[in-house]
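The values are calculated or read from the model by the stated rules, or taken from the named source; none is laboratory data. Just so it is clear, the model here is predicted, and its values are computed rather than measured. Cβ atoms come from the backbone with ideal geometry, glycine included; neighbour counts cover every protein chain shown. These accessible areas exclude ligands, DNA and RNA; they are computed on the full protein's heavy atoms, side chains included. Shrake-Rupley method; radii C 1.70, N 1.55, O 1.52, S 1.80 Å.
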Amino acid sequence: MRRIGVLTSGGDSPGMNAAIMSVAKAARHYGMSLIGIKRGYNGTLCKSNHIEDDMVELDLDTILDIADQPGTYLRTARCLDFLRPEMRAHAVSNIHEMGIEGIVVIGGDGSYHGALELCQLGVPCVGIPGTIDNDLAYTEMTLGYDTALNSCVEDVRAIRATSRSHDRPGVVEVMGRHCGDIALKVCAGTGAEICLVPEVPWSIQEVVNRLCRQIDMGNLRATVVIAEGAWDSMQPYDWQHYLMECHERVHDDSTISTSYLAKVLKHKCKAEARPTVLGYTQRGRQPSAYDSWFAFEAGNLAVNLLRNGIGNQVIGIKDGRVYYMPIVEALQKKREFNLSLYNLINSL
Ligand code: ADP
């Protein structure tokens, strides 16, 4: 192959720039030119007024400057048009016109489905799992998860220090979409006492009972860590009933949130529970050494696979080493939640 492309798609994650840099280095090493495709699959549709806003030749010297920066130099976005077959056909013709013979796709499982579609249309793709969620079963870690986790651990430690000073509980919401791995490891890493995840059903009453028990035992500053997706695993409840008890009202059940949970806990457990939603700080950090290492090896392997004519693959970590497997098989794998760690955290 003489020319390849690289794109970042879906939610951004720490390490995306490091992966772009690694792809650029390997491409230069093997004498291939590299096209940066902007804003995920949007760039392949060439809808901007200027082509440089969609696809641009990447110069290694420019890329070297951005490797350790958070975010993604290529920008990232969802592209709903790409779900339509006629738009994907249009994308493939643009890709051919640009002389791009293979693409490195850095993104989550949605982006992998897009890559699979491109492969089926004759454009070889290799995926790098850029997402903080750690929700891809075929890899031990996704790119960005380690950084996001470290960021959360640092923040929850700080929140627990203040909780300790004031003897009041904390309720902290972390990211992870439908995956509770960030919440789980944050609890293990900080000693937070109550962990709520999407994978295990829970009820308000149970959280109230457990926090009250902590307080009865003299622990006035316990932390509840809730994964953002855990609202979906909350058992049937009378949310309005709980809120009315604390003179609060929500008009729409979809607005249930960490601040309301803190209000209910404050009322039922007679403790000044304080809510914090950690939000995008988790995605915007400089990559950890682990994520930078993974990005470095993954980018290099992706280029090598393409130049050896091995497309339709995704890169992951198995037994601590970088490896690859077919996209189709990776997408079929079912994630196993670490229930024993969850039980340990919640029972000790
Ligand atoms: P992530 O990659 O982080 O999981 P999304 O699920 O939002 O993020 O997917 C990113 C993009 O991948 C979508 O906006 C769309 O352009 C593309 N994509 C997702 N699913 C498909 C699909 N089934 N077919 C084609 N493209 C898809």
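If I ask for residues that are more than 15 Å from the ligand (Cβ to nearest atom) and in contact (Cβ under 8 Å) with a residue 60 or more places away in the chain, which ones from the stretch 127-155 would you list? Residues satisfying the conditions are GLU140, MET141, ASP146, THR147, ASN150, SER151, CYS152, ASP155.
Starting from residues that are among the small types (Gly, Ala, Ser), under 20 Å from the mean Cα position of the chain (by Cα) and open to solvent by less than 60 Å² (accessible area, probe 1.4 Å), keep the ones in the stretch 254-289 and report whichever is modelled with the lowest pLDDT. Steps first, answer last, please.
Within the stretch 254-289, the subset among the small types (Gly, Ala, Ser) is 254, 257, 259, 262, 271, 273, 279, 284, 288-289.
Next cut, under 20 Å from the mean Cα position of the chain (by Cα) only: 279, 284, 288-289.
Applying the additional criterion that residues be open to solvent by less than 60 Å² (accessible area, probe 1.4 Å) yields 279, 284, 288.
Numbers: GLY279: 90, GLY284: 94, SER288: 97.
Of everything passing the filter in the stretch 254-289, GLY279 is modelled with the lowest pLDDT.
Restricting attention to the stretch 84-111, which residues are within 17 Å of GLY11 (Cβ to Cβ) and out of contact with any Cys (no Cβ under 9 Å at 6 or more places or on another chain)? Residues satisfying the conditions are ILE106, GLY107, GLY108, ASP109, GLY110, SER111. Taking (1) more than 27 Å from LYS333 (Cβ to Cβ); (2) away from the ligand (no atom under 16 Å from the Cβ); (3) open to solvent by less than 60 Å² (accessible area, probe 1.4 Å) in turn, MET1 satisfies each apart from (3).
Residue-level check: of (1) in contact with a helix residue (DSSP H, G or I) (Cβ under 6 Å, 6 or more places away or on another chain); (2) of a type in the set (A, V, I, L, M); (3) open to solvent by less than 60 Å² (accessible area, probe 1.4 Å); (4) more than 30 Å from LYS318 (Cα to Cα), VAL303 misses just (4). Take LEU7 and decide whether it is within 23 Å of SER93 (Cα to Cα), in a loop (DSSP other than H, G, I, E, B) and open to solvent by less than 10 Å² (accessible area, probe 1.4 Å). Taking the combined requirement at face value, the residue does not satisfy it.
For a quick check of your reading: which helices (runs of 4 or more DSSP H) sit entirely within the stretch 202-315 and have at least 1 residues that are within 30 Å of PRO70 (Cα to Cα) and of a type in the set (Phe, Trp, Tyr)? Write out each step before concluding.
Values: elements: 204-216, 239-245, 258-269, 289-307.
Helices (runs of 4 or more DSSP H) meeting the threshold: 289-307.
Any residue at all in the stretch 332-341 that is in contact with a strand residue (DSSP E or B) (Cβ under 6 Å, 6 or more places away or on another chain) and either modelled with pLDDT under 95 or closer than 26 Å to MET21 by Cβ (or both)? Let's see the steps before the verdict.
We begin by selecting, within the stretch 332-341, every residue in contact with a strand residue (DSSP E or B) (Cβ under 6 Å, 6 or more places away or on another chain); these are none.
The answer is no; no qualifying residue exists.
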